[in-house]
Amino acid sequence: MKSILYILLIMILAIFAVTFTMYNQGDVALDFIFFEGEFKIALVILASVLFGLFLGWIAGVIPALGKGRQLRKVQKKLQNTEKEVENLRKAPITDEP
């Protein structure tokens, strides 16, 4: 069921993108630091969206890498604790004060 919804969503977005491109055929002048030129409006918007998606992906990956390091550290601490518990279970019980 989820895959059908994803396909439907992609089709709707594709129709929207084609319609948007058809109605925005004009050129826009861009003047950046290193280059300038005239580009189609749809191309400029597409490039901006893709760049934004890339920046958002980077912003999500950086914290995930930190969580991976934290997870490995906690797993190592868990292994050490489990070894300690196992050693305590094997130790003989004495009633000496």
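The values are calculated or read from the model by the stated rules, or taken from the named source; none is laboratory data. Only a predicted model underlies this, so the values are computations on that prediction, with no experimental measurement involved. Because the Cβ atoms are built from the backbone with ideal geometry, glycine has one as well, and the counts that use them run over all protein chains shown.
Results, tabulated for the structure shown:
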| item | result |
| --- | --- |
| Residue within the range 43-52 that is surrounded by 10 or more Cβ atoms within 10 Å (Cβ to Cβ), at pLDDT 90 or above and not basic (Lys, Arg) present | yes |
| Residue 63 being surrounded by fewer than 10 Cβ atoms within 10 Å (Cβ to Cβ), of a type outside the set (A, V, I, L, M, F, W, C), at negative phi and part of a helix (DSSP H, G or I) | yes |
